[in-house]
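Worksheet for the structure shown next.
Values quoted throughout were computed directly from the atomic coordinates according to the rules given, and no laboratory measurement underlies them. Computed from a predicted structure; not experimentally measured. In this analysis, Cβ positions are derived from the backbone assuming ideal geometry, glycine residues included, and neighbour counts consider all displayed protein chains.
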There are 2 protein chains.
Amino acid sequence: MTESSRPSNSAPIGVFDSGIGGLTVVSELRRALPLERILYVGDTARVPYGGKSAETVTRYSREISDLLIAEGAKMIVVACNTASALAVPSIAPNYLVPMVGVLEPGAAAAVKATRSGRIGVIGTRATIASEAYTKAIQRRDPELSVHAIACPLLVPLIEEGLLDDEITEAILRRYLMPMLAEGIDTLVLGCTHYPLLKGVIARICGPEVSLVDSAENCALAVKGLLDSDPATELSPRLDILLTDSSEGFLRIAEKSLDLTIDSLSVRRVGN
Amino acid sequence: MTESSRPSNSAPIGVFDSGIGGLTVVSELRRALPLERILYVGDTARVPYGGKSAETVTRYSREISDLLIAEGAKMIVVACNTASALAVPSIAPNYLVPMVGVLEPGAAAAVKATRSGRIGVIGTRATIASEAYTKAIQRRDPELSVHAIACPLLVPLIEEGLLDDEITEAILRRYLMPMLAEGIDTLVLGCTHYPLLKGVIARICGPEVSLVDSAENCALAVKGLLDSDPATELSPRLDILLTDSSEGFLRIAEKSLDLTIDSLSVRRVGN
């Protein structure tokens, strides 16, 4: 890549997810890199990705990444575990800018955190079926045992705003109890929606289990990449593009994540 | 339309939904019209429709209807309440074959069933926000009072197969108790997924509340349209096209609805 074709360091960091979950990554990016411009795309016309096939998730991820590149993004942050697991390895080589997913940073943090050698992973049906976390963890240390379980009801509960609700807690207990019985001491929140449930999950797991927040670890990885070339202008922005209008979106973003949104627009993507 | 351009009476009835819910309509069609060929399209690449905008649901409905016409359907059955509420009125005039939604037959049956004049309606967020049921009921009788509530968690619970589960029952109680307190004597199951929960819903509502199954009433409307020109060949078939591969689909279709599927294929539609 020639210097002239490279986006300037004041270009936005492009971030995408199928819906609102990726805003947890934006929230962590804003904390780690307060001066950066961020352009977030939520593919709300096709949300959720978590139950769809690798082929379809890869096609959607490519279309959204192309949009971010067309908007001048200097980096693509895939703020969706399903897309990170199913699409990033195959599409990242097609782009001249770095593509950072949430999966590898989360796996690395889990390996660092565990003492018992037993790690739990929760995620969407597609993420868990891909076994991407298990492989990424055992590539780092083949001795570690990984207990992964799909939790397909959590995203709908979160999208409905039932963040602190007895029904959400009952469903979480059902998902988590078998894993806790296996003696895990580390739990990877393998979906960018799940940090919104951190309080309830911590209450169920108890203080002896470390929660690995993939949003937080992804933001640290992005910061590491940008530290040599940070944005210097003093005009941080958060611009949001959605592929379908979404009423609940703003409410959750502003209420639960305390994000200030500079612009929000809707644009059709794909054909 | 000239006689020569008209699909023959042995052409398939085209049926579509965003996912598996519309199979409840197929099940009722099969019962009412045992000799007909049925071609079902499930838009699993973009499921669900229930939280999306009218514009997006209309675009998706048009694309799927075009596919059914290209496959020679003699009629289009919109086996999705969200699409029936948001898209049918605007797109039906574009097609030369009849387009039958689930909403009008359900509204008519509810008006006929109520004695107290208080009708409850449950549906997706988009269906309820459109007020289409309230309007369709009050167009028939402006004196009737309609209590409509969005139940966005039911579709994910059904798609996960939690049809007879204490969590599903707890969520249903929360949605239904306020309506029952208002004295409804008729409840419209305004989403084609919901007949799969009929048992639990009947248990919560008690015998004094009539449940209006939009799938059943839609099938009767289709039968009424075809009675003058029924299929006479003795080769009923059910062919299914999905827009994304979907593992859970067949399992629920065969187990809960006792449907025999003659072919299942995956085809990309739109974006």
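Note on A:143-154: average number of Cβ atoms from other chains within 10 Å of each residue's Cβ is 1. Counting charges near B:Ala219 (Lys, Arg +1; Asp, Glu -1) among other residues having Cβ under 9 Å from its Cβ returns a value of +1. If you take the alpha carbon atoms of the range B:1-84 and fit the smallest convex hull around them, that volume is 94 Å³ per residue.
A cut-off of 5 Å between modelled amide H atoms, ignoring neighbours fewer than 5 places along the same chain, links B:Val121 with B:His147, B:Ala148, B:Ile149, B:Val188.
Between this copy and the others, label points of A:Ser116 are 5.1 nm apart in ascending order, each placed 7 angstrom from Cα in the Cβ direction.
Ranked by the mean number of other Cβ atoms within 10 Å of their residues, highest first, the peptides B:123-131, B:214-222 come out as B:214-222, B:123-131. Between copies, the label points of B:Gly270, set 7 Å from Cα on the Cα→Cβ line, lie 0.9 nm apart, reported in increasing order to one decimal in nanometres.
Using only Cα coordinates, the Kirkwood hydrodynamic radius of the range A:90-219 works out to 15.0 Å.
Each peptide in A:44-56, A:134-146, A:78-90 receives the mean, over its residues, of other Cβ atoms within 10 Å, and ordering these scores from highest gives A:78-90, A:44-56, A:134-146. Calculated over the protein assembly as shown, the projected area of the Cα convex hull averaged across directions stands at 27.3 nm².
Using only helices, what value at 222 nm comes out for the protein assembly as shown when you add -39,500 (n - 2.57) per DSSP H run of length 4 or more and divide by the total residues, to the nearest 500 deg cm²/dmol?
Mean residue ellipticity at 222 nm (helix-derived): -12500 deg cm²/dmol.
Our summary of shape: the Cα atoms of chain B have principal axis extents of 55, 40, 36 Å, ordered from largest down, in whole angstrom. Beyond 28 Å in Cα-Cα separation lie the following of the pairs A:Lys112/A:Lys255; B:Lys223/B:Lys255; B:Lys112/B:Lys223: A:Lys112/A:Lys255. A Cβ-based charge dipole, computed about the Cα centre of chain A with Lys and Arg at +1 and Asp and Glu at -1, lands at about 420 debye.
Which order do peptides A:106-112, A:181-187 fall in by mean Cβ count within 10 Å, highest first?
Order by mean packing, descending: A:106-112, A:181-187.
Note that the range A:37-119 carries a Kirkwood radius of 13.8 Å, evaluated over its alpha carbons pair by pair. Shielding value for A:49-55 is 5, the average number of Cβ atoms from other chains within 10 Å of each residue's Cβ. Look at the stretch A:155-162: the mean tally of other chain Cβ atoms within 10 Å of its residues' Cβ atoms is 3. The alpha-carbon atoms of the range B:158-271, seen along their principal axes, cover 49, 38, 29 angstrom, with the largest extent given first.
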